[in-house]
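The values are calculated or read from the model by the stated rules, or taken from the named source; none is laboratory data. Just so you know, these numbers come straight off a predicted model, no measurement behind them. Cβ: placed from backbone, ideal geometry, glycine included. Neighbour counts: every protein chain shown.
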Amino acid sequence: MATAGALEHTELPPPAAPPAPVLRRSGEAWVARVGLLLRLVASLLTLAAVAVLAAVAVGPRLGLYRMETVLSGSMQPTFNPGDVIIVTPEPVTAVRPGQVISYQIPIGDHHVESHRVVRVLQGGTHPVIITKGDNNAEADPWRAQLTSGTAWQERLVIPAVGRVIIWMRQPLLQRVCVLGIPILLAVWWLIGIWRPRPAKTDPA
């Protein structure tokens with residue numbers, strides 16, 4: 001016997017999507033973070049290199065100032081070994097007692113010394129001076145004549161920066177920099193190549 005009506009048609013829900021690969025996503029996130037960190041480090045190193053180049057090379061080349069690394073403790077506590085002092089030019093006719101100037105000593109190897117002027121024996125365009133280290137008991141055992149038209153007076157002390165400069169001059173560190181920077185750039189480049197690209201989704 002036939003029955004009236006029809007059976008109701010029930011639609012089954014679509015199958016659930018498989019869970020996202022958590023491990024792969026965490027790996028991709030880690031690679032992205034490392035790449036971002038390397039780009040940030042490279043940018044900071046570039047900015048620092050440009051700033052150091054401008055400070056160390058451009059300013060002194062233009063004659064605006066000089067940077068002298070302190071190697072002895074003869075001027076303590078005014079400045080200490082490892083400090084960097086900034087000296088600026090002024091006419092030798094303006095040199096007076098109390099100033100700290102950088103000049104070539106008139107004996108021995110004629111190295112540059114940064115000591116305080118304690119007496120001007122002769123003025124004029126080629127003054128003769130006596131200097132002394134603040135930490136020394138006696139004045140320097142020479143009389144220095146400033147033969148050029150420019151004296152270099154101490155204006156600013158940058159503590160401990162000279163230690164970094166001396167450290168960076170070490171042969172081992174220079175080798176590490178020569179090898180390490182290219183390796184760092186190569187790793188950064190490889191991470192950019194190996195980083196997975198986002199999957200393209202087909203339009204519905």
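Computed values, structure above
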item: Which listed residue, of THR125, THR93, is in a helix (DSSP H, G or I), in contact with a Ser or Thr (Cβ under 7 Å, 6 or more places away or on another chain) and either touching a residue at least 24 places away in the same chain (Cβ under 8 Å) or not assigned by TED's automatic domain parsing to the domain that holds ALA48 (or both); result: THR93
item: Members of region 77-98 found to be of a type outside the set (Asp, Glu), more than 14 Å from VAL117 (Cβ to Cβ) and surrounded by 15 or more Cβ atoms within 10 Å (Cβ to Cβ), listed by number; result: PHE79, ASN80, PRO81, GLY82, VAL84, ILE85, ILE86, THR88, PRO89
item: Residue among GLU28, GLU68 that is modelled with pLDDT under 75, under 33 Å from the mean Cα position of the chain (by Cα) and on the phi < 0 side of the Ramachandran plot; result: GLU28
item: Selection count, region 128-157, where residues are exposed (fewer than 13 other Cβ atoms within 10 Å of the Cβ) and assigned to a strand (DSSP E or B); result: 3
item: Leading residue by the ranking (farthest from LEU64 (Cα to Cα)) among those in region 96-106 that are part of a loop (DSSP other than H, G, I, E, B) and in contact (Cβ under 8 Å) with a residue 24 or more places away in the chain; result: PRO106
item: Region 37-90: number of residues that are free of Cβ contacts under 8 Å to residues at least 12 places away in the same chain and among the basic types (Lys, Arg); result: 1
